[in-house]
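As structure tokens, the structure follows; a few thoughts come after it.
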Amino acid sequence: MNADRKQGGYVIVKCPSLETRWIRPLFKDVRQPLVAFNETSKYGGAYYKPQSGEAFIDGRFIPCDTGIIEISPASVGEPLEDGSTIAHEWRHHLQRTYFGWQFDSARWDTLKAERLGYEKSIRRYFRKSRMEADALRFQLRAAPSPIAAYFDELMHGHD
Ligand SMILES: [Zn+2]
């Protein structure tokens with residue numbers, strides 16, 4: 001990994017980096033987001049669009065002006081899943097900064113998911129949002145992984 005481990009438990013990767021080198025040539029004119037590994041995140045990945053102010057990631061404030069792709073260490077060390085998660089979040093970056101899409105995704109609700117059941121919740125999550133379905137499709141094309149394939153299978157399955 002082409003990154004420095006900083007105090008506070010997170011790692012910031014400023015492009016060009018190993019993590020996004022494969023994806024950059026596809027979108028040369030898109031401003032690079034930061035990639036941050038967050039040890040306290042409960043999500044596999046998250047995306048913060050470019051905005052003023054800072055994000056509080058793993059005990060540190062990080063400027064948001066280029067956009068941030070946040071990766072949970074649950075997937076770090078699993079190269080397939082790392083790349084796949086980055087591709088998914090990268091697509092959200094394109095949607096917001098390049099395509100001009102409005103946010104249409106529901107936040108993942110752990111309590112609701114427990115009531116509804118995990119698989120049903122995943123299915124609804126991807127079906128209800130054009131943004132999430134598109135990011136999943138892109139992820140499967142650009143950097144397929146077992147988890148992405150599993151989500152895709154769920155999305156196309158029946159309740
Ligand atoms: Zn997403």
Q.
Longer than 28 Å from Cα to Cα, which of K28/K120; K42/K128; K28/K112 are they? Say none if no pair is.
A. K28/K120; K28/K112
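So if the hydrodynamic radius of the range 23-95 is defined as the Kirkwood radius over C-alpha pairs, what does Stokes-Einstein give as its diffusion coefficient at 10 °C and 1.306 mPa s, in µm² per second? All intermediate terms of the calculation are to be shown ahead of the outcome.
On the way: Rh = 12.4 Å.
Result for D is 128 µm²/s.
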Q. Which order do peptides 53-59, 101-107, 65-71, 36-42 fall in by mean Cβ count within 10 Å, highest first?
A. 65-71, 36-42, 53-59, 101-107
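Sequence gap at least 6, Cα distance under 8 Å: using those rules, report the relative contact order of the range 67-159 to the nearest whole percent. Spell out each step's value before the answer.
On the way: 86 pairs, mean separation 32.2, N = 93.
Reported as a whole number, the value is 35 percent.
Take the Cβ-Cβ distance between K120 and T40 as r, set R0 to 25 Å, and report the resulting FRET efficiency rounded to the nearest 0.05.
On the way: r = 28 Å, r/R0 = 1.11.
Working from the Cβ atoms, E equals 0.35.
Bear in mind these aren't lab numbers, they're just calculated from the coordinates by the rules spelled out. This structure is a prediction, so every number in the text was calculated from the model and none was measured. No Cβ is skipped: glycine too gets one built from the backbone with ideal geometry, and neighbour counts run over all protein chains shown.
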